[in-house]
1. Using the Cα atoms as the points, what is the convex hull volume per residue of the chain in Å³?
2. Sum up the charges of everything whose Cβ sits under 11 Å from the Cβ of Leu196, counting Lys and Arg as +1 and Asp and Glu as -1, but leave Leu196 out.
3. Where nothing but the Cβ of Lys and Arg (+1) and of Asp and Glu (-1) is charged, how large is the charge dipole of the range 258-353 around its Cα centre, in debye to the nearest 20?
4. From Cα pairs below 8 angstrom and at least 6 apart in sequence, can you work out the relative contact order of the range 13-254, rounded to a whole percent?
5. Note down the relative contact order for the range 258-353 as a percent, whole number, built from C-alpha pairs under 8 angstrom at least six residues apart.
6. How much length would be gained if the chain were fully extended between Ala275 and Lys169, taking 0.36 nm per residue of separation minus their Cα-Cα distance, in nm to one decimal?
7. Filter the GluC sites (Glu not before Pro) in the range 35-125 down to the DSSP loop ones having no more than 11 other Cβ atoms within 10 Å, then list what survives.
8. Using a Förster radius of 30 Å, what is the FRET efficiency between Arg324 and Thr265 based on their Cβ-Cβ separation? Nearest 0.05, please.
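Read-outs: derived from the displayed coordinates by stated rules, not from any lab. From a predicted model like this one, the values you see are computed outputs, not experimental measurements. Cβ atoms come from the backbone with ideal geometry, glycine included; neighbour counts cover every protein chain shown.
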Amino acid sequence: MNVTGGFTAVDGNRVASYIGEGATQALGSVVSPAPSEPKTPLLFLHRLVKRYGEAIAVNELSLTLERGEVFGFLGPNGAGKTTTIRILCGLIRPSAGHGAVLGYDIWRDRFQVRSLLGYVPQQFSLYPDLTVLENLWFFASAYRVPQRTASCRIETLLSQLDLFAVRQKRAGQLSGGFKQLLAIGCALLHNPPLLLLDEPTSGLDPTHRQTIWDLLYRLSQEGTTIFVTTHYMDEADRCTTVGFIYAGELLTMGSPSRLKDRLATHILDFEIEPAIPAQAALRRVPGVISTRLRSGKIRLFTREPNALLTSLRQCWPFPEFQWRGYQFGAPDMDDVFEAYRSGQLPAILQSTEML
Ligand code: ATP
């Protein structure tokens, strides 16, 4: 495999404007915690705020991540996920609060911080006229990765990301999936301890999604912390920790199993015929928060399931529908997402578990 030879691109403006001269000079020298911090978390955010005029995109966001965590950052469109990631990258200055990566302040020390993280944005941001290999070499050179190290790293990444067969193709001619794999490869060339990915699998087929998740797991096992946004709830389930942001506020954070467990006693699966009109009708029953069709059954989210069941048994209000049975449902991450997105969950669950 020939991946050596280096790439001496001259159009460094775009990359340099993100990576920054300070970062490339500091690369390799700042991967240990800032000396003043005795037990430094990998990522620490404290009451981070971003305002755009009157609007608040991120509101008092606090969280801590350790090495090797796979953190899924969930929330509906416009919740504040991308803004948070761009703040972490030092691309946006927070309006208030502060954060640190391995002890380095995300704004004041942003050039050092950029050498500690890899960033895969939502939009394709590589050089379309360069080949896959040239893009990789370009980013290796921008991050000042020594040539021999870069050669090994590129060889490994081409193989891990299934990019070897397309290494001579121009990036602009790649399919969406390969473009995304290449973007991840470019973000990993300097072996950063923190990888930020903004919807990395959006629009990808299951094979490419699996390739990316295999890589993320491998990286996390090697100690890299993954901070990933996704709208796919099966991917949220693969994270070690998920956080749910809504209207700029982090409503909850925990393992997927813990978040699902908290819902378990609030979900009922009803067998009713015919299901489609019954679903709409049930939504209007007092105490029902939301209803959805699931495998022919009606999944119902309620604050007081036992009270609801008693009331329906006493007086079934829909003579046109046949109620054949029910059971408590096993929540999945779709249910968790829906519960938080509806804005109802914090009112239902006890505040003791809330952030
Ligand atoms: P999506 O899932 O659609 O990518 P998101 O959770 O990443 O959404 P953000 O892009 O962070 O959401 O946006 C959060 C809020 O901040 C939105 O209301 C958005 O309109 C607003 N916003 C983002 N950038 C700006 C800006 N430059 N000026 C004004 N408002 C902005």
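1. In the chain, the Cα convex hull volume per residue is 154 Å³.
2. +2
3. Dipole about the Cα centre, nearest 20: 100 debye.
4. That works out to 29 percent.
5. Relative CO of the range 258-353 lands at 38 percent.
6. That works out to 33.1 nm of additional length.
7. Here the GluC sites (Glu not before Pro) that fit, given the DSSP loop and packing criteria, are Glu54.
8. Once the sixth-power term is evaluated, E becomes 0.85.
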